[in-house]
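Encoded as structure tokens, the structure appears first; notes follow it.
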Amino acid sequence: MGGFAVMSGAAVLTIDNLTVAYDRHPAVHHVSGTFAAGSLTAIAGPNGAGKSTLLKAIIGDIKVSEGRISHRLKRTEFGYLPQAADINRRFPISVLETVLLGAWKTAGAFGNIGTGDETRAKEALATVGLAGFERRPIGALSAGQFQRVLFARLLMQDASVILLDEPFTAIDARTTRDLLQIVTNWHGEGRTVVAVLHDFDQVRGHFPETLLMARELIAWGPTPHAMSPTNLMRARMMAERWDETGDVCEPTT
């Protein structure tokens, strides 16, 4: 899987005055900024800050209330990993079949899977440390093993923009280390990677850019600045002021 040519500083995705609301109560409130092509960005903030909501809005899974998200990418150029809690592992499907779902960009709507796709899927499983697991049902896997499978599926997608929603939650340290290396490799190949994270040490140690939010934007830029004590304090204070019964967000005119 080859690298992606990028123009330094070019915006691959722009968020303009974005608001996303549930029952007119904002979960993301007037956020603006850009993700540069080839950037590696963490979305961080307190619980309930709208981090996952922002990611779902970018991928088009939820409706935007106000503002817009601009890009020139096809849907097949996005790779998306939802939170583990959003995935039904009781579905009777094997590890290999799960990874092959990542081939839909080349296989088409009717799933014309070829020998080449199976070979790539097995290579992806080897990359994530699961060679020999092809026939196992996904329901028999540990949380860490299943997350490796999902990363293998992303490898199959070969996307230029990869969105990860809390990819390292409730998995073991070794799996986290191995999957962080894959994220680093994607960045080295010139892909744009955005990850919602709750572990600030992971943010500081592995992500050069950070979008810090507390429903509203607190800071967006180099991680040492965005995650400064002052900005983290602002995020905490803003979270403490949230009132779920407060006034609704009215569209601007």
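Among the residues making up the range 150-203, those that are buried (at least 17 other Cβ atoms within 10 Å of the Cβ) and of a type in the set (S, T, N, Q) are 157, 160, 175, 176, 192, 202.
The set of residues from the range 19-75 being closer than 26 Å to residue 204 by Cβ and basic (Lys, Arg) comprises 51, 56.
Only one of the numbered conditions (1) of a type in the set (Phe, Trp, Tyr); (2) modelled with pLDDT of 95 or more; (3) in a loop (DSSP other than H, G, I, E, B) is not met by residue 220, and that is (3).
Of all the listed residues (232, 164, 154), the sole one being outside the structural domain of residue 50 (by TED's automatic domain parsing) and part of a helix (DSSP H, G or I) is 154.
Tell me, yes or no, whether the range 112-129 has at least one residue that is in a loop (DSSP other than H, G, I, E, B) and modelled with pLDDT of 95 or more. Within the range 112-129 (the criterion being in a loop (DSSP other than H, G, I, E, B) and modelled with pLDDT of 95 or more), the answer is yes, since at least one residue qualifies. Do we find a residue being under 18 Å from residue 25 (Cα atoms) and assigned to a helix (DSSP H, G or I) anywhere in the range 56-63? There is at least one residue in the range 56-63 that is under 18 Å from residue 25 (Cα atoms) and assigned to a helix (DSSP H, G or I). Exactly one residue out of 103, 49 is closer than 20 Å to residue 125 by Cα and touching a helix residue (DSSP H, G or I) at 6+ places or on another chain (Cβ under 9 Å), and it is 103.
The values are calculated or read from the model by the stated rules, or taken from the named source; none is laboratory data. Since this is a predicted model, take the numbers as computed values, not measurements. Reconstructed Cβ throughout: ideal geometry from the backbone, glycine too, with neighbour counts over all protein chains shown.
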